[in-house]
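So the structure is just underneath, and the comments pick up after that.
The values are calculated or read from the model by the stated rules, or taken from the named source; none is laboratory data. Keep in mind it's a predicted model, so treat the numbers as computed, not measured. So basically every Cβ, Gly included, is an ideal-geometry build from the backbone, and we count neighbours across all protein chains shown. In case anyone asks, the SASA skips ligands and DNA or RNA and just uses the protein heavy atoms, side chains included. Shrake-Rupley method; radii C 1.70, N 1.55, O 1.52, S 1.80 Å.
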Number of protein chains: 2
Amino acid sequence: MRKVYLDHASTTPLLPEVREAMIPFLGETFGNPSSLHDWGDAAREAVEAARAQVAQLIGANAEEIIFTGSGTESNNFAIKGLALAQQNKGKHVVLSAIEHFSVLQSARTLEKWGFELSLLPVDKYGVVDPKDVRKSLRKDTVLVSIIHANGEVGTIEPIQEIARITRESNVVFHTDAVATAGTIPVDVKELGVDVLSLAGNQFYGPKGVGALWVRKGVRIMPLLDGGVQEGGRRAGTENIPAIVGLGKAAELAKSTMAARIEHLTQLRDRLLNGLPSRIDHVVVTGHPQNRLPGNASFCVEFIEGESMLMLLNSQGVAVSSGSACTSRALKASHVLIAVGISHELAQGSILFTLGIDSTPEDIDYVLEVLPPIVDRLRQMSPLYAKFIKESKGGK
Amino acid sequence: MRKVYLDHASTTPLLPEVREAMIPFLGETFGNPSSLHDWGDAAREAVEAARAQVAQLIGANAEEIIFTGSGTESNNFAIKGLALAQQNKGKHVVLSAIEHFSVLQSARTLEKWGFELSLLPVDKYGVVDPKDVRKSLRKDTVLVSIIHANGEVGTIEPIQEIARITRESNVVFHTDAVATAGTIPVDVKELGVDVLSLAGNQFYGPKGVGALWVRKGVRIMPLLDGGVQEGGRRAGTENIPAIVGLGKAAELAKSTMAARIEHLTQLRDRLLNGLPSRIDHVVVTGHPQNRLPGNASFCVEFIEGESMLMLLNSQGVAVSSGSACTSRALKASHVLIAVGISHELAQGSILFTLGIDSTPEDIDYVLEVLPPIVDRLRQMSPLYAKFIKESKGGK
């Protein structure tokens, strides 16, 4: 059976070049960068080379990159660390309603600590209106965090415009770029943000490593206390193989980005156009144009999404019904609700996230196997039966 | 030149078997355990198998193991998460003065949040007196954290006795077992603790992974918010290769522990006895018997430790002058100060931490090359000149 992995937003495979770069650090070169001897020196040099590679990917200075253990850690670090470091200035934080759970739940923890949140709405395409950001700002606002692109619906947000507003008001602006860094061009100077999160396993680098870029001069409180690593801002023995892998993945992402985007966009559009022409009652979610090149997200009416995923899996196709972090929570995605999808329709969510190894044949295979699955499930759906009856009655 | 790595407390090399276990998860088997498809299933099974292996190492139930990104994260999670989860009960926390910085600095952060700390002293061997724990407990004490063994001086603490006291008083007891789990027998039921930290890179497993064992029923607040992973207690995509490696390292540590301990103890004693017989004015730090099998720690009088390390490094020998986390901070170790070593003598600290691949020849090589290094450094030391002059004058 054909095996088709279209769940790259959950995690990407390692590129062979990334794995090769990591392997020596799983062997002979195992030192601790903090040690004052040759073993430590080799580890330290590897970490600093990776730091430069990651900095280059996002147009930053190397010394502003802090390595972390994941995109989730980067987001927790940013939201809690930035808010706590400025709490004498105020306790108001602004987010969009479609942040990743690692941002949203970190902000909920801030609420327990006496902070106040403003959650900004998005339009039906998932776009935050910069005017809403401006209106939300108060004297005591210390942090704005808006996701660069949401991995579930793929919509890319107007980060530059928002950054102009936060800069005028002198409020720190964080963006969660976990879905974009390494995938589309991300330049911290062009974007104008102050702090940015990224994660290795989103662009063919390793799991267990992320980074937080913090513009020089921005104050942040550590999330992990206890050591002088990462300039005293993130304690813990550095995960050298993973950091080296992240660096290599960043280098490869930068050098091949244009070709990757072209490839992904073609396949994505093949799917975005192909699926609604083969299946009735399918809604494309997210922005029609301004979306991640590998993201094709839909809601299929009269369907329970999990069954659709299971049946696709039995045909060798791996997809998701939303964020991997919530797929096991079996709740309607907060992102789909925010773009105005009903709870009922959100149950039929299906998210294809394509990768650099995806092929037109993979897409055609999905277009072939999915319609009979949808038919089969609808035949068992009381809601669909009701809909058919009513539409016949209406004629 | 001979290469002798005696800095295993900083980090250990990966065992080849551990690396072999990890490699598939850097390749074909790259899924996200939260995904509802075959790729996710394979990843999830691997994580659960590793969880069982780690649980077996410490006599715990698998569902009580939470994977983290490092020993430092485990300690931050424990100290902050346990204290915050119980703050309505009280805000008093008890630690020893020789905790690892990740415990100590986490507790300093608690102080900023209104908690009060009691730091218990240790005797000249680095031992915490259980009576001091009893005396320190108050009505509002919510957490006691005492390190199982301090990696800098090797002293093993009377955890069982302390646990009897905390249990009587119904206070949660955490132990930082980063230096002991996988090295000496650690059984959570025998120890009687409630929460325990461990780290992979301390027993020939990977960097970038640790675990926190939390006894069922003990409340803890997450440090990393935002996902349902690890039972909702630690968000973030699981670092599968590292988790698999930790599991394998745990299995190997358990099955070979007795032989490892015998080997390490012999080499350690060869060094503990050999060094003072070849160099004058050397003080052994830590407990004479009740210490980690691979730990031989000394202070060499009239010497600046960093120069000693550099010269040893130029002879191919890697050692440390204390915790890797502080070696670049160039401060006298808080652990040595706590056992009553003067700031001056603490400057001459030298820490040998042996590994399972260390050989008698390695030890003999150190015993051969170190004395001339000490002689050379002392000839440049004004303090040594003064001492010699005074002792001659005294005769």
Placed amide H near B:Thr68: partners under 5 Å, 5+ positions off or other chain: B:Gly210, B:Ala211, B:Leu212
Ignore the peptide's own chain and count Cβ atoms of other chains within 10 Å of each Cβ in A:233-246; give me the average, rounded. 6
List the lysines whose Cα sits under 21 Å from the Cα of B:Lys131, skipping any in the same chain fewer than 8 residues away. B:Lys139
Based on the Cβ-Cβ distance of B:Lys139 and A:Asn273, what FRET efficiency does E = 1/(1 + (r/R0)^6) give at R0 = 56 Å, to the nearest 0.05? 0.25
Expressed per residue, the solvent accessible area of region A:35-150 in Å² (1.4 Å probe) is about 34 Å²
Scan around B:Val317 for amide H atoms under 5 Å from its own, H built in the peptide plane at 1.01 Å from N, and keep only partners 5 or more places away or cross-chain. B:Val4
Vicinal HN-Hα couplings computed from phi for region B:61-69 (Karplus, 6.51 cos²θ - 1.76 cosθ + 1.60; Hz; Gly/Pro x): 8, 4, 6, 9, 8, 10, 6, 10, x
Accessible area of region B:98-224 belonging to carbon and sulfur atoms, whole % at 1.4 Å probe: 49 percent
What nm value, rounded to one decimal, do you get for the distance between B:Met380 and A:Asp132 when each label is placed 7 Å out toward the C-beta? 6.5 nm
Students often check this: by mean Cβ neighbours within 10 Å, which of A:141-154, B:23-36 ranks highest, and how do the rest follow? A:141-154, B:23-36
Once you keep just the Cα pairs under 8 angstrom separated by 6 or more residues, what percentage relative contact order results for region A:152-241? 19 percent
Using a 1.4 Å probe on the protein heavy atoms only, what accessible surface does A:Trp39 show? Give it in Å² to the nearest 10. 40 Å²
What does the structure give for A:205-218 when I average, per residue, the other chain Cβ atoms found within 10 Å of the residue Cβ? 3
Hey, what do the phi angles of region B:100-105 turn into as Karplus ³J(HN,Hα) couplings, whole Hz, using 6.51/-1.76/1.60 and θ = phi - 60°, x for Gly and Pro? 5, 4, 5, 7, 4, 6
Along region A:295-302, Karplus-curve 3J(HN,Hα) (6.51, -1.76, 1.60; θ = phi - 60°) to the nearest Hz, with x for Gly and Pro, reads 9, 10, 10, 9, 10, 9, 5, 6
Each residue of A:312-318 has, on average, a number of other protein chain C-beta atoms within 10 Å of its C-beta equal to 3
Would you please put A:66-72, A:281-287, A:87-93 in order of how densely packed they are, using the mean number of other Cβ atoms within 10 angstrom per residue and starting with the highest? A:66-72, A:281-287, A:87-93
Separation between the A:Leu119 and A:Ser342 pseudo-spin-labels, each 7 Å from Cα along Cα→Cβ, expressed in nm? 2.1 nm
Test of the criteria: in region B:45-143, which GluC sites (Glu not before Pro) are in a DSSP loop and have at most 10 other Cβ atoms within 10 angstrom of their Cβ? none
Per its Cα gyration tensor (rounded if a/c is under 1.5, else prolate when a/b beats b/c, else oblate), region A:226-292 is best filed as prolate
For a quick check of your reading of the filter: which trypsin sites (Lys or Arg not before Pro) in region B:1-88 sit in a DSSP loop and have no more than 15 other Cβ atoms within 10 Å? B:Arg2, B:Lys3
With a Förster radius of 35 Å, plug the Cβ-Cβ distance of A:Lys3 and A:Glu45 into 1/(1 + (r/R0)^6) and report the FRET value to the nearest 0.05. 0.35
If you count, for each residue, the other Cβ atoms within 10 Å and average over each peptide, how do B:270-277, A:8-15 line up from highest to lowest? A:8-15, B:270-277
Between B and A, buried accessible area summed over both sides at probe 1.4 Å, in Å² to the nearest 100? 5600 Å²
